[in-house]
């Protein structure tokens with residue numbers, strides 16, 4: 001408690017002065033002499049607690065002012081005891097109990113619960129896994145062929161067939177003409193002349209036509225007029 005004695009002395013005298021009026025009001029509304037003393041006691045405890053907590057000070061002081069004013073009005077005959085007055089005085093104790101619980105609910109700090117350290121998990125040693133080295137990949141071996149029926153296989157080295165040179169126009173015509181004379185087929189003539197079969201077929205047809213025309217002219221010359 002603060003050691004400002006003058007302040008607390010003033011508070012004590014003020015509580016005593018107001019307690020008498022509060023007691024008389026409780027007696028006027030029907031409280032007996034013993035229970036009536038609890039009304040000013042409840043108000044005084046609320047006021048002191050509110051001042052120490054620095055909460056509800058204005059509400060506690062206003063409640064004491066109202067109760068004292070009503071008590072003096074009843075004593076002076078200016079206010080009759082009625083149902084609302086009885087209900088209001090009867091509600092003083094429950095309201096004081098509620099407000100004291102509200103302002104002291106967070107006054108005392110909760111006891112700190114000691115934190116229980118969690119059990120450390122055992123550290124497992126890393127397991128070393130031996131990874132097998134990849135097997136060497138052998139290059140593909142060339143297919144071996146047996147030559148002349150011997151038991152020892154030898155690799156047959158066959159050179160790639162070179163692409164034939166494409167003949168120019170005059171060479172191609174000469175090659176087709178020679179193939180026509182030799183009686184080669186269209187496919188063989190096309191391969192020799194490095195031309196398409198359709199082109200060789202056209203040249204063959206023209207040569208056949210020229211040959212037939214020459215034979216017809218020869219026959220006409222041999223027939224007598």
Next item on the list: Take residue 57 and decide whether it is touching a helix residue (DSSP H, G or I) at 6+ places or on another chain (Cβ under 9 Å), closer than 17 Å to residue 94 by Cα and at pLDDT 85 or above.
Entry: no
Check: Considering only residues of the stretch 69-83 that are closer than 19 Å to residue 40 by Cα and without any contact (Cβ under 8 Å) to a residue 40 or more places away in the chain, which is nearest to the chain's Cα centre (by Cα)?
Finding: 69
Check: Residue check, residue 92 against (1) under 16 Å from residue 45 (Cα atoms); (2) modelled with pLDDT of 85 or more; (3) out of contact with any helix residue (DSSP H, G or I) (no Cβ under 6 Å at 6 or more places or on another chain); (4) surrounded by 10 or more Cβ atoms within 10 Å (Cβ to Cβ), all met but one. Which one?
Finding: (3)
Notebook entry, point to check: If you check every pair at least six apart or on different chains, which have Cβ atoms under 6 Å apart with a residue in the stretch 153-181 that is at pLDDT 80 or above first and a residue that is surrounded by 10 or more Cβ atoms within 10 Å (Cβ to Cβ) and assigned to a loop (DSSP other than H, G, I, E, B) second?
Noted result: 166/194; 167/194; 172/195
Check: Does the stretch 4-35 hold any residues that are outside any helix (DSSP H, G or I) and touching a residue at least 60 places away in the same chain (Cβ under 8 Å), and which are they?
Finding: 29
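The values are calculated or read from the model by the stated rules, or taken from the named source; none is laboratory data. Everything quoted here is computed from the prediction, not taken from an experiment. Neighbour counts are summed over all protein chains in view; Cβ atoms, including those assigned to glycine, are modelled from backbone coordinates with ideal geometry.
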